[in-house]
Each structure stands twice: as C-alpha cells, then as structure tokens.
C-alpha cells in the first residue's frame, strides 16, 4: 500500500512539475506569429556599430513597407523571401556608400532570441521567425526589433497592432512589461512547444 501511495505521489508531483515548466500557450502562440528583424554588426568597434545602425535605418523603411499589408507572419515571411535579394542589395548599397570593405548577407528562418524589453513591450525568450542581416563577419553586437506586426517604428498602441496581426488579446499580454510572469524555462520544452503546437 505504501509503495502504491508513493508511486501515486511521485506521478502527481511529476505532472505538477511538468505543468509548471511548460511554456504557456500564449508564449507559444507568439513564436509563430511574430517576425523579428535582426541586424548583426561586423565587430564591436565603434565604426562597425555605427555602420550597423545606419544599415538598420536604411532597411527599416524598405522591409516595413514590404510587409505592411501582410495578413500574418507567414505571409510576411513569404514577401520577405520573394524580396530577399533586393533587401540584401539595399544593405550592400548602404555599406558601399559608407566605404566599408565587407558586405551583407540576408537570411530568413528561425532564430533563438533572449527575453527583450522595448519600452512598454517585453518579448519572451524563444525561437522566432527572423529576417537576419549579417554584416561582414557578423561577430559584433546585434540589434533587433519586431518587424511583423510592425513594432520597429514605434506604433502608438502596440497591443492593438498585435491583435490586428492575429495575436489574441490573451497572448498580446505576453508582450506587456507591466505583467511580469516568473516560471522555469527549458529549451527542450520550448522546442517541443513550437513543434507540437502546444
């Protein structure tokens, strides 16, 4: 009887532990509905960091105008894929005008991002859809923002922008700094979450 009780208690606590560490569904929802813009500098030198920001400025208007009418993140990624060469060319024109010896490489895919706060917004750590612009060796500090929905340019009502992009109001709360939530995170469970659609 004691062995049966111990087994039942073990299973009960194991289930509670798994429930606590699993990412909440709201976090999982944002991973596939947000596209991040990620610009990586050639190095950490002052010049490379200045170049990174100038390339960012040159690209922001272009990529934002391309994705402004996208219905969701997948549509935005498709538009970006169709225009990847033009985006890369825009970055390289900027680099040439700045007189630096290196070039840009633009990649689309998924990337792991740490938790990041942008003013009143907080993005949870996770694996997001990404437009990555690697400048030269790509060994310097990077810059990123939310390209879709368009939060890079500082919209007045970010929650409304998120909801308009198909992210539910409950999930939009994931982005609010005013409601921090503390829980354990495990990379393998985040991966399972993104694969299984929890």
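Give the residues of segment 71-86 that are modelled with pLDDT under 90 and more than 17 Å from the chain's Cα centre (by Cα), sorted by residue number. Once the filter is applied, which keeps residues that are modelled with pLDDT under 90 and more than 17 Å from the chain's Cα centre (by Cα), segment 71-86 yields only 71.
Do we have residue 125 as over 18 Å from residue 46 (Cα atoms) and modelled with pLDDT under 95 here?
For residue 125, the condition - over 18 Å from residue 46 (Cα atoms) and modelled with pLDDT under 95 - is met.
The set of residues in segment 59-86 that are surrounded by fewer than 20 Cβ atoms within 10 Å (Cβ to Cβ), in contact with a helix residue (DSSP H, G or I) (Cβ under 6 Å, 6 or more places away or on another chain) and part of a helix (DSSP H, G or I) comprises 62, 66, 79. Flag set for residue 108, criterion: within 16 Å of residue 64 (Cα to Cα) and at pLDDT 90 or above. Here residue 95 fits the description: buried (at least 17 other Cβ atoms within 10 Å of the Cβ) and touching a helix residue (DSSP H, G or I) at 6+ places or on another chain (Cβ under 7 Å).
Put simply, of 30, 51 the only residue that is surrounded by 13 or more Cβ atoms within 10 Å (Cβ to Cβ), within 23 Å of residue 113 (Cα to Cα), touching a helix residue (DSSP H, G or I) at 6+ places or on another chain (Cβ under 7 Å) and at pLDDT 75 or above is 51.
The values are calculated or read from the model by the stated rules, or taken from the named source; none is laboratory data. Everything numeric here is computed off the predicted structure, so don't read it as measured data. Don't worry about glycine lacking a Cβ; one is built from the backbone with ideal geometry, like all the others, and counts go over all protein chains shown.
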